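**Student:** Please find one structure pasted underneath; my questions will follow.
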Amino acid sequence: QVQLVESGGGSVQPGGSLRLSCAASGMIFSSYVMNWYRQAPGKQRELVARISSSGGASYTDSVKGRFTISRDNAKNTVYLQMNSLKPEDTAVYYCNAMKWFDNYWGQGTQVTVSS
């Protein structure tokens, strides 16, 4: 059974940093595209960052230059390093694994950016 478990969320002041982790099990991790999504209260879930099975990364415009997605296939883990955090980054962040018709989600981790 596939499981995605996020960790690393929390509360931070504007300008601060957090690193999210997503540990995967029950799947051939290296073959999946891994994504980080977020959903703020009253808003639709949006794709924040994506990393392909070969390591190519892409980002939504609002986080370019501040967030970095990476993966460690030996540890079956994907990361999201978030720097220069802003109040508008406040959301529940979800890990997602995607391959062909397979689509798996983690339970989410809360990130709150507030002074």
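The values are calculated or read from the model by the stated rules, or taken from the named source; none is laboratory data. Treat the numbers as computed from the prediction; the structure is a model and nothing was measured. Neighbour counts are summed over all protein chains in view; Cβ atoms, including those assigned to glycine, are modelled from backbone coordinates with ideal geometry. Accessible surface is based on the protein model in full, side chains and every heavy atom, while ligands, DNA and RNA are left aside. Shrake-Rupley method; radii C 1.70, N 1.55, O 1.52, S 1.80 Å.
**Student:** Every residue in segment 84-115 that is at pLDDT 95 or above, on the phi > 0 side of the Ramachandran plot and either open to solvent by 60 Å² or more (accessible area, probe 1.4 Å) or polar (S, T, N, Q) (or both), please.
**Tutor:** 84
**Student:** Are there any strands (runs of 3 or more DSSP E) wholly within segment 53-115 with 3 or more residues that are touching a residue at least 60 places away in the same chain (Cβ under 8 Å) and more than 17 Å from residue 15 (Cα to Cα), and if so which? Outline the logic, then answer.
**Tutor:** Numbers: elements: 57-59, 67-72, 77-82, 91-99, 102-105, 109-113.
Ranges flagged: 91-99, 102-105.
**Student:** Within segment 63-83, can you find the residues that are open to solvent by less than 60 Å² (accessible area, probe 1.4 Å) and hydroxyl-bearing (Ser, Thr, Tyr)?
**Tutor:** 70, 77, 79
**Student:** Sort out which residues of segment 28-51 are part of a loop (DSSP other than H, G, I, E, B) and open to solvent by 30 Å² or more (accessible area, probe 1.4 Å), and write them in order of number.
**Tutor:** In the first step, residues of segment 28-51 are kept if they are part of a loop (DSSP other than H, G, I, E, B); the result is 28, 32, 40-45.
Selection gives 28, 41, 42, 43, 44, 45.
**Student:** Hey, among the residues in segment 9-27 that are part of a loop (DSSP other than H, G, I, E, B) and over 15 Å from residue 90 (Cβ atoms), which one's modelled with the highest pLDDT?
**Tutor:** Going residue by residue through segment 9-27, those that are part of a loop (DSSP other than H, G, I, E, B) are 9, 13-17, 26-27.
Add one more test, that the residue is over 15 Å from residue 90 (Cβ atoms), and what stays is 26-27.
Numbers: 26: 95, 27: 92.
Out of the qualifying residues, it is 26.
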